[in-house]
Amino acid sequence: MFETSIAGSLPKPAWLAETHKLWPQWRADGDALLQAKADATLLWIKAQEDAGLDIVCDGEQSRQHFVHGFLEQVEGIDFDNKVKMGIRDNRYDAMVPQVVAALRLKGRVHAFEAQLARAHTKKKLKFTLPGPMTIVDTVADRFYGDKVKLAFAFAELLNQEALALQADGVDIIQFDEPAFNVYMKDAADWGVKALERAAQGLTCTTAVHICYGYGIKANTDWKSTLGEKWRQYETVFPALARSSIDQVSLECIHSHVPPDLMALLPGKDVLVGVIDVASDEVETPEEVADTIGRALQFVPKERLFPCTNCGLAPMDRDVAWRKLQALAAGTRLARERITAS
């Protein structure tokens, strides 16, 4: 009951990359960089296990960014001539690569880190991939000329890698789709279908993570404009409830998401965000357990999975570590409350 995990990313150690950045520069190259990535991956697997999490991941230590880490192994992407583009409906500008030709994989994308993680933990292993709609929103299209066509092209490539990750022994494959909370109508109209194409043929557990973004200023400023009730999930949850995706990961603690929106996901596992990634204040076990308690009004206990609101990548490493501990401690308290009631 209440298996715990994180949304995906964790801070990179200072010896691996720049800290507190979404697109950090690596501190090494060649074989030295590969070894540093491996060391950081093993460090965070151990930290997740020590904190008491039930499901662990690689912490995205081998990826500069959750989207770009996938794109680096895709032919038809020009990384040498990045352009500035507004992403997430122009919430903030980013230097993005360009799609300049038909897309195809160069080969495996994440075999190194997935196989490394699988070899070093006996716990359930989750691996994250960017969702098709979010990739489309993080590249400049100079070839396809149609967002839906481009999304399904990426979905086919994601599916190839997802099937290979499953063969590597990954238990849960999670697609990250923060764009679902920005382009709600498109998400319901074609985004969920593209997501299902990315997950086609998988027999492992499939998940989609939809949040309000990392805890960076551009995102927190945007949240301040959303009013007292954040109802973005209301548009896409019904489409996800009808989909083949097994789990939905959402933002909850310290948000203005009405908890009753979770009731729009009958039959799905719900990964409830009980750790805030936009604050360095570490949650108490009581706060985490209380958030789980509120979610239990709308989600059956066997389908509730405590998680983080989003990735912890830009956060201070020590704060992230203590938040992992809070996640596990608060979930233990919630289990005790259920047992005692």
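Where a number appears in this text, it was derived from the coordinates with a stated rule and is not lab data. Quick caveat, the model's predicted, so the values are computed rather than measured. Note that we place each Cβ from the backbone using ideal geometry, even for glycine, and neighbour counts take in every protein chain shown.
Relative to the Cα centre, what is the charge dipole magnitude of the chain, using +1 at the beta carbon of each Lys and Arg, -1 at the beta carbon of each Asp and Glu, and rounding to the nearest 20 debye?
Using Cβ point charges on Lys, Arg, Asp and Glu, the chain gives about 340 debye.
Enter the Cα centre distance for the pair region 30-100 and region 140-188, rounded to the nearest angstrom.
If you average the Cα positions of each part, the centres end up 15 Å apart.
Taking the highest mean first, how do the peptides 77-89, 306-318 order by number of other beta carbon atoms within 10 angstrom per residue? If you can, show how the numbers build up before the last one.
Details: 77-89: 13.9, 306-318: 23.9.
By packing density, highest mean first, the sequence is 306-318, 77-89.
Please rank ILE275, ILE253, ILE338, fewest neighbouring Cβ atoms within 10 Å first, as an exposure proxy.
ILE338, ILE253, ILE275
Please give me the summed charge of the neighbours of ILE87: other residues whose Cβ is under 9 Å from its Cβ, Lys and Arg +1, Asp and Glu -1.
Here the charged neighbours net out to -1.
Expressed in nm to one decimal, what extension gain is obtained for the pair GLN200 and ARG108 from 0.36 nm per residue of sequence separation less their Cα-Cα distance?
Stretched out fully, the GLN200 to ARG108 stretch lengthens by 31.4 nm.
Can you check how the C-alpha radius of gyration of region 1-87 compares to 2.2 N^0.38 Å, as a plain ratio?
1.24
With 10 angstrom as the radius, rank HIS120, HIS256, HIS110, HIS209 by how many other C-beta atoms surround their C-beta, starting from the fewest.
The most exposed by this proxy come first: HIS256, HIS120, HIS110, HIS209.
List PHE180, PHE237 from most exposed to least, where exposure is judged by having the fewest other Cβ atoms within 10 Å. Mind showing how you got there, number by number?
Details: PHE180 29, PHE237 23.
Ranking PHE180, PHE237 by Cβ neighbours within 10 Å, fewest first, gives PHE237, PHE180.
For GLU281 and LYS124, FRET efficiency with R0 = 30 Å and r from the beta-carbon atoms, rounded to 0.05?
Step by step, r from the Cβ atoms, then E = 0.55.
Using a 4.7 Å Cβ cut-off, which Cys residues in the chain lack a partner cysteine?
Among the cysteines of the chain, those whose Cβ sits 4.7 Å or more from every other are CYS57, CYS204, CYS252, CYS307.
Between GLU156 and GLU72, what is the label-point separation in nm under the 7 Å Cα-to-beta-carbon projection?
In this crude spin-label approximation the distance works out to 2.5 nm.
Using Cα springs under 10 Å in a Gaussian network model of the chain, which residue among GLU177, GLU49, GLU251 shows the largest mean-square fluctuation?
GLU49
For region 30-340, count all C-alpha to C-alpha pairs, find those more than 37 Å apart, and express that count as a whole percent of the total.
Numbers: 4743 of 48205 pairs.
Roughly 10 percent, once rounded to a whole number.
Work out how far the C-alpha atoms of region 246-336 reach from end to end along every principal axis, then list the three figures in whole Å, largest first.
37, 28, 23
If packing is taken as the average count of other Cβ atoms within 10 Å, what order do 151-160, 239-248 fall into, highest mean first?
Descending packing order for the listed peptides: 151-160, 239-248.
What shape does region 128-182 have by the C-alpha gyration tensor, where a ≥ b ≥ c are the square roots of the eigenvalues, rounded means a/c under 1.5, and otherwise prolate means a/b greater than b/c and oblate the rest?
Numbers: a/c = 3.30, a/b = 1.70, b/c = 1.94.
Oblate is the answer for region 128-182, as a/c is 1.5 or above yet b/c matches or exceeds a/b.
Could you grab the relative contact order for region 30-340? Cα pairs under 8 Å, six or more apart, rounded to a whole percent. Show your work: numbers first, answer last.
Values: 555 pairs, mean separation 43.1, N = 311.
Result for region 30-340 is 14 percent.
What does the net charge come to around LYS124 if you take all other residues with beta carbon closer than 15 Å to its beta carbon, with K and R at +1 and D and E at -1?
Local net charge: -4.
Please give the Cα centre distance for region 319-341 versus region 112-135, rounded to the nearest Å.
So the separation of the two Cα centres works out to 24 Å.
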